[in-house]
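The block underneath contains the structure these notes are about, expressed in structure tokens.
The values are calculated or read from the model by the stated rules, or taken from the named source; none is laboratory data. Because the structure is a prediction, the values reported are computed rather than measured. Here the Cβ positions follow ideal geometry from the backbone for every residue, glycine too, while neighbour counts run over all protein chains shown.
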Amino acid sequence: MPMQGLAKALAAQLGELSQAGLLKGAESVLCGVIGPREGHGPRFLIEGEGDKPFLRMNANNYLGMSLREEVIDAEDAAATNYGAGPGAVRFISGTWSPHVALERRLAAFHSRPSAIIFSSAYAAIMGLIPQLVSKKTAVISDELNHNCIINAISLAAPAEKRIYKHLDMGELERCLDETAKSCTRAIIVTDGVFSMRGDHAPLDRIMTLARSRDNAFAEGAIVVVDDSHGVGALGATGRGAEEYTRSVPVDILVATLGKAFGVNGGYVVGDFYVYSNPITPAEAAAAHKAIDLLDSPDGLSLLEHLRAMTARFKAGLVRLGFETLPGEHPVAPLVTRDSARTVALVEHLRRRGILVTGLTYPVVPRGDEEIRFQISADHTAADIDAALVALAEMAEANVRLARAKQF
Ligand SMILES: Cc1ncc(COP(=O)(O)O)c(C=O)c1O
């Protein structure tokens, strides 16, 4: 039986991962939401944990849109009007008016001529990058780019693949100069905001560099940015890393509808097309509503509150003696630089009813282990303080351990 052979090989691989302590644990299954009350944001119930309420600090729902009444109402109304699914791929009969309206809204939001939605940002990157790569293309990529970019580059098999050190503009420049000798096109690809650390690419400098090398490549140097974590979470009006770095518009921008916009799906700002079901008309209507909300005075207050909660949390981490990284983005890493300490802290927080994500090797390089806290506009000052109180219980032991490691 061929499947038995495969099952055996996969079981052996899982055994190796388990021995190395790298197996992912069982998933937590969320089974209920308790609405905000008494100065606290929403709490979540988990299967097997009874009625214990959890504060969720590991969601990408940066603006709290997924629980917004207006967004849920828009989704409900569109599902009632158009049905639960698109029923076909786009070019057969799966394009519904909410898809087209959302694409227009996304293009306007990013001040671009057009946009196209995909089923996810992952699918958008996988669909996009191979189309941009000819037999004489160099792809130049930041070493910390998201897994979808890494897989898309492998699929595209470019003539030259260069990986530059995280945010190292000198190395990016060298990669461009070296590949210009043999390639006719360069694709520079980077995350806008990097999801593990909440830091961002210097898009202003990358764009200047790319334009300065356009003539070195017969078909130019094109900048592709996946700002899935930046759009809706960074920049004065939530336009992401492009706005935050005051960059000119990047050549091709990819982002998601599944994080700050609180729904599901991805998109590319440009002119592209795919043979796969789109997101549902109801999801498109909900995402459209989320963008409208972000683009209103209400949206500006959400962003302001998000920045205030992020600053409050990061200041608390520093006060408690934990290491974090500077920056305004709501990904707030607590850097442990140690797997065992990461696991112990995550377990302690869970016992205290706080959900966070521990990131250990191979998700991050050894020595960069961290706990990723994700702040949301749903969180109140009381929520942030509750998390800091729980962390304070472990802070002294943590600082002692960190000091001991230095000697
Ligand atoms: C840079 C980047 N691209 C893509 C994704 C995936 O987004 P989606 O869930 O829309 O596929 C993520 C999310 O983790 C991401 O950080």
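Quick notes on this structure:
Okay, residues lined up against (1) closer than 24 Å to residue 300 by Cβ; (2) within 16 Å of the ligand (Cβ to nearest atom); (3) modelled with pLDDT of 95 or more; (4) surrounded by fewer than 17 Cβ atoms within 10 Å (Cβ to Cβ):
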{"residue": "38", "(1), (2), (3), (4)": "no, no, no, yes"}
{"residue": "48", "(1), (2), (3), (4)": "no, no, yes, yes"}
{"residue": "61", "(1), (2), (3), (4)": "yes, yes, yes, no"}
{"residue": "66", "(1), (2), (3), (4)": "yes, yes, yes, no"}
{"residue": "83", "(1), (2), (3), (4)": "no, no, yes, yes"}
{"residue": "89", "(1), (2), (3), (4)": "no, no, no, yes"}
{"residue": "102", "(1), (2), (3), (4)": "yes, yes, yes, no"}
{"residue": "114", "(1), (2), (3), (4)": "no, no, no, yes"}
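- Residues satisfying the stated conditions in segment 278-300, i.e. exposed (fewer than 15 other Cβ atoms within 10 Å of the Cβ) and over 22 Å from the mean Cα position of the chain (by Cα): 296, 297, 298
Let's see how each residue does on (1) surrounded by fewer than 22 Cβ atoms within 10 Å (Cβ to Cβ); (2) closer than 25 Å to residue 372 by Cβ; (3) outside the structural domain of residue 240 (by TED's automatic domain parsing):
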site: 122; (1), (2), (3): yes, yes, no
site: 135; (1), (2), (3): yes, no, no
site: 174; (1), (2), (3): yes, no, no
site: 194; (1), (2), (3): no, yes, no
site: 205; (1), (2), (3): yes, no, no
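- Some residue of segment 83-101 being within 30 Å of residue 223 (Cα to Cα), in contact with a strand residue (DSSP E or B) (Cβ under 9 Å, 6 or more places away or on another chain) and of a type in the set (Ser, Thr, Tyr): no
- Restricting the first member to segment 211-222 and to residues that are surrounded by 13 or more Cβ atoms within 10 Å (Cβ to Cβ), and the second to residues that are acidic (Asp, Glu), the beta-carbon pairs closer than 7 Å and six or more apart or on different chains are 220/214; 221/214; 222/251.
- In the condition set (1) among the charged types (D, E, K, R); (2) under 30 Å from residue 338 (Cα atoms); (3) more than 16 Å from the ligand (Cβ to nearest atom); (4) not assigned by TED's automatic domain parsing to the domain that holds residue 387, residue 243 is compliant with all but (2).
- Test: residue in segment 369-376 that is surrounded by 16 or more Cβ atoms within 10 Å (Cβ to Cβ), farther than 28 Å from residue 17 by Cα and in the same structural domain as residue 319 (by TED's automatic domain parsing): yes
- Here segment 339-376 is the region considered, the condition is being within 27 Å of residue 63 (Cβ to Cβ) and polar (S, T, N, Q), and the residue that is modelled with the lowest pLDDT is 357.
- Filtered residue count, segment 125-143, keeping only those that are at pLDDT below 95 and either part of a loop (DSSP other than H, G, I, E, B) or hydroxyl-bearing (Ser, Thr, Tyr) (or both): 0
- Any chance residue 323 is of a type outside the set (Gly, Ala, Ser), assigned by TED's automatic domain parsing to the domain that holds residue 307, surrounded by 21 or more Cβ atoms within 10 Å (Cβ to Cβ) and touching a Lys or Arg at 6+ places or on another chain (Cβ under 8 Å): no
- Residues in segment 180-200 that are closer than 19 Å to residue 220 by Cβ and either within 16 Å of the ligand (Cβ to nearest atom) or touching a Ser or Thr at 6+ places or on another chain (Cβ under 9 Å) (or both): 8 in all.
- Filter pass, residue 52 being in contact with a strand residue (DSSP E or B) (Cβ under 7 Å, 6 or more places away or on another chain) and farther than 19 Å from residue 294 by Cβ: no
- Residues within segment 139-148 that are surrounded by 23 or more Cβ atoms within 10 Å (Cβ to Cβ) and within 11 Å of the ligand (Cβ to nearest atom), tallied: 0
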